Every structure is written in structure tokens, then in C-alpha cells.
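Participant: Just passing along the structure, written as C-alpha cells.
The values are calculated or read from the model by the stated rules, or taken from the named source; none is laboratory data. Here the structure is a predicted model, which means the values were calculated and not measured. Cβ coordinates were reconstructed from backbone atoms using ideal geometry, including for glycine residues, and neighbour counts include every protein chain displayed. Side chains are part of the model used for accessible areas, which takes the heavy atoms of the whole protein and leaves out ligands, DNA and RNA. Shrake-Rupley method; radii C 1.70, N 1.55, O 1.52, S 1.80 Å.
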Amino acid sequence: MERIDVSSQSMTDWSMVLDSGQVDSPTRQRSLESLVRRYWPSLYAKARSGGIDANEANDVVQGFITDILLERNLAAVADPERGRFRGLLSTAFSNYLRDRHRAQSSKKRRPSQGAPRSIERDAIQASDHGENDPEHAFNRHWVATVIQAAVTRVRVQFRETERRAEWRILEARLIDPMVSGTKATPYADLVEELDLRDVAQAASYLVNGKRALGRAILQEIGDTVKDPSQIEEEARELIELLERKSI
Amino acid sequence: MTDPLSDSLRWAIEVGVDPSRTSIDWLAGELVPGSCSAADAILNATGRPDEHIERLRLLKNGFKTLRISAEEPAVRRLAAQYYAATIAAALVRRGAWITTQRPTRVREAILAMIDDDHVADSLRCLGREAIDAIDQNEAVETGLEP
């Protein structure tokens, strides 16, 4: 299970994507930075899953951002009517990786005879057959990014409203196990730590926290769709993408 | 093994679809692991009678807290109905009175639960039996019935 790095992160929405595409917008730079921060983990995961090593993957993502997002202004062709931005970005990155692979293969063929073997090419071919699927990696990291942002949103909200006990229980019973795979802290321990009345009270607090997190996840997804009526559809589509097995 | 990412999305959808019922069922699932709904947790009378009563007390206390601490009025209202349902279940299924509240007050709470169509039908039926039990007991105590 991948770790979800729970850190403060600015999220985006369609208005930010569209703002990024407008070269004369005074806020374009900030929007672009937010876009990059948001999608970097998914792009990086896709590159790594395609067989590119860690150092090179950083360079590849950086190159994609410079060449496609900035110079070719990918965001300018984004259109909420034509689908999700994550889909557009993922497809553009696939094309970028393919072009890059072709260019590298061509260079390698020149000095020697025959087609040299390439770990990256093998990985790309493997991914075409559904093994170690880069698209799957992209989607998983995208969902992790959405959930991470929702967690941050709830943490801030609970701090501001001094719901310390509810946050602690949510973190110990739900977020930590989800993020790092650790076992949930027993209710009895939390009752003692937080000086609560009983387990029933602790469980009620968890439910309040879980509801808040569920709402925050829906809000985060809501930022990525054109209309609030599409939130549930997008959440179901993400579940389907996560559960889609390699063909 | 369940996937925490798709699980999170699933329960986020549940929050969007039926917020109050979801909270009630989640709480029951936390307090009575393995129960598929709050009604299931309340009505499941497996185990020794004292274990069942203890489960109902636990659920009652959970719904009581949720009745006060939940953010949304709809969740607070439904928690109050399920709080009454646990008392009704203890009375009907085990002949136990698990609250310090007076019967007249509990009767009102159970009647409100019966009238709420957000509550599972099985619990509303149980509520009617509880009302009969309270009324019979009251009649005996006041000497109106043999």
C-alpha cells in the first residue's frame, strides 16, 4: 500500500486549470504552481511504474511540465465539457513518454546493429499488456492526493473549532491505518488518553470525524468536476479505475 | 483485503447519499463489529441475555453521545430515535429497563421513533411492542387492569 503524505497542499479546480491556460492572467503562475504540486505525485508514479528509475523519473516529469504544460500550454486546451483534467493530463503524459522512448530508441539504434533491449521499453510494453500498469499507478496516486487534501482540510477545520479529541480519534482509528497501514489504536486506550466517558463516546466521535472526512473528500472531488451533480459519478469512476485489474 | 483508497471513496459516497442513516450504521458497526446496520446490531439477540443487554447499553450510550455531538440536526434526530430503540429492544426482548429515565418520558421517545419513517421498519414494530409493555406495566401499577 502506498503511503499518503499528509502535508499541507494547495488544491485546484477547473477555474485554476483554466487560469493556468491563460497566458495573460496575472494569477497564472500561482495556478500553474498549484497544478504542478497537485499532479506531480501521480505523474511521478506513472513514470516509475513505466520502469523509469527514481532520479530519471523526476527529470521526466520536470521535462513534461516544461515542454507540455508550460511551453505547449496544455491547460489551454482543457475543456470541462470534454472530460476530466486528470484524463487529459494522463493521456498527454503517456504520449510524452512514448515520444521520449521513440527518440531514445532511435538514438540507441544508430551506433549498433539491431534493436537494443531497454528496461524502459520493456516496461512500457509490459504496461501495454497490463503488467505494472502506469495508468493504474497514476490513478491510485491521484486518489491518494485527493484524500490527502481532504485529510488536511479536516485537520485544519477541527483545529480551528477545537475538536481535539475528535481529531485524535479520527487520526488514530482511521487516518493512520489508512495512511501507513498501522493498526488502529484500541478505543480503550483513547478513552484513557483523552479522558472520555466510555468507548461509546469515543466511537461517536469517530463517526463525527469520519463524516467530516467523507464530506471533505466529496468537496475535493467537487473541485475537479464541472458541476456538483457529477461528484458521485466521478467518485464511482475513480473506484472503478482503482479496481480495474490488469487485462 | 480491502483497499483503503477505494474504501474511503465508498464511504464518502455513502455520506453524500444518506448522511444520517450512514452515521447511525457506522456507529453501530464500531460498537458491535460485524453488524451490517444499526437495526441489525440492536435486534441481534445472539449470545447470553446479559451480553445482549450489555450490547444494547453500549449502543444506547453511543447514540446518546451522537444525539448531542453530531453536527447535523438530521443525524442528531435519528440518533435520538435509535437511542429510544435500544431501550425498547431491552424491554421487549429481555424484559430489562436500561435507562434511568421515567417510563412516561421513554414512552414519548419511543412513540416519536415509531412515527419516524427514517427508522428501520423492524425497529418501529419493536417500538409498538415496547409501548404495549409499558402500558401494561403502568396499568398493573395503577390497578386499572388485573
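Participant: If a/c stays under 1.5 just call it rounded; otherwise compare a/b with b/c (prolate if a/b is bigger, oblate if not). Do that for the range A:14-100, with a ≥ b ≥ c from the square roots of the Cα gyration tensor eigenvalues.
Facilitator: Cα axes put the range A:14-100 in the prolate bin.
Participant: With an 8 Å cut-off on Cα pairs and a minimum separation of 6 or more residues, tell me the relative contact order of the range A:145-247 in percent.
Facilitator: 29
Participant: Would you calculate a helix-derived [θ] at 222 nm for the protein assembly as shown, using -39,500 (n - 2.57) for each DSSP H run of n ≥ 4 and dividing by the full residue count, to the nearest 500?
Facilitator: When only DSSP H runs of four or more count, the value is -22500 deg cm²/dmol.
Participant: Hey, if we sort A:Lys210, A:Lys46 by accessible area with the 1.4 Å probe, largest down, what's the order?
Facilitator: Largest to smallest exposure gives the sequence A:Lys210, A:Lys46.
Participant: Further question on the same structure: Tally up the carbon and sulfur contribution to the accessible surface of the protein assembly as shown as a whole percent, 1.4 Å probe, everything protein left in place.
Facilitator: Looking at the protein assembly as shown in its full context, I get 49 percent from C and S.
Participant: Taking each residue in A:210-223, count the Cβ atoms of any other chain within 10 Å of its Cβ, then average. What number comes out?
Facilitator: Counting Cβ atoms of other protein chains within 10 Å of each residue's Cβ and averaging gives 5.
Participant: Now, a different point. Accessible area per residue of the protein assembly as shown at 1.4 Å probe, in Å²?
Facilitator: I get 50 Å² per residue for the protein assembly as shown.
Participant: Give me the extension gain from A:Arg164 to A:Asp198: residue separation times 0.36 nm, minus the current Cα-Cα distance, reported in nm with one decimal.
Facilitator: Using 0.36 nm per residue and subtracting the Cα-Cα distance, I get 10.6 nm.
Participant: Then there is this: Only residues of the range A:206-237 count here: report those whose backbone N is under 17 Å from the spot 7 Å along Cα→Cβ of A:Gln22, or say none.
Facilitator: none
Participant: Assign unit charges at the C-beta atoms only (+1 for Lys and Arg, -1 for Asp and Glu), then state the dipole size of the range B:2-114 relative to its Cα centre in Debye, rounded to the nearest 20.
Facilitator: Dipole magnitude for the range B:2-114 comes out near 740 debye.
Participant: Using only the Cα atoms of the range A:145-247, build the gyration tensor, take square roots of its eigenvalues as a ≥ b ≥ c, and label the shape rounded, prolate or oblate: rounded if a/c is under 1.5, else prolate if a/b is larger than b/c, else oblate.
Facilitator: In terms of gyration-tensor shape, prolate.
Participant: Apply the Karplus parameterisation 6.51 cos²θ - 1.76 cosθ + 1.60, with θ equal to phi minus 60°, to every residue of the range B:61-69 and state each ³J(HN,Hα) to the nearest whole Hz, in sequence, with x for glycine and proline.
Facilitator: So the J values, rounded to whole Hz, are 5, x, 5, 5, 5, 5, 4, 9, 8.
Participant: Mind jotting down a quarter of the surface of the convex hull over the alpha carbons of the protein assembly as shown, in square nanometres, one decimal?
Facilitator: Mean orientational projected area (the protein assembly as shown, Cα hull): 24.7 nm².
Participant: Still on this structure: Run down the aspartates and glutamates and flag those whose C-alpha is under 13 Å from the C-alpha of A:Lys107, throwing out any fewer than 8 positions away in its chain.
Facilitator: A:Asp99
Participant: Something else: Within a 10 angstrom radius of each residue's Cβ in B:67-76, how many Cβ atoms of other chains show up on average? Whole number is fine.
Facilitator: The shielding value for this peptide is 3.
Participant: I've got another one for you. Can you classify chain B as rounded, prolate or oblate using the Cα gyration tensor, where a ≥ b ≥ c are the square roots of its eigenvalues, rounded means a/c under 1.5, and otherwise it's prolate if a/b beats b/c and oblate if not?
Facilitator: In terms of gyration-tensor shape, prolate.
Participant: Could you order A:Asp53, A:Asp223 so the one with the most accessible surface comes first? Probe is 1.4 Å.
Facilitator: These residues rank, largest area first, as A:Asp53, A:Asp223.
Participant: How well do other chains shield peptide A:194-207, expressed as the mean number of their Cβ atoms within 10 Å of each residue Cβ?
Facilitator: Mean number of neighbouring Cβ atoms from other chains: 6.
Participant: To the nearest 100 Å², how much accessible surface do chains A and B hide from each other in total, with a 1.4 Å probe?
Facilitator: 2800
Participant: Can you give the relative contact order of chain B as a percent, counting alpha carbon pairs under 8 Å and 6+ residues apart?
Facilitator: Here the relative contact order equals 18 percent.
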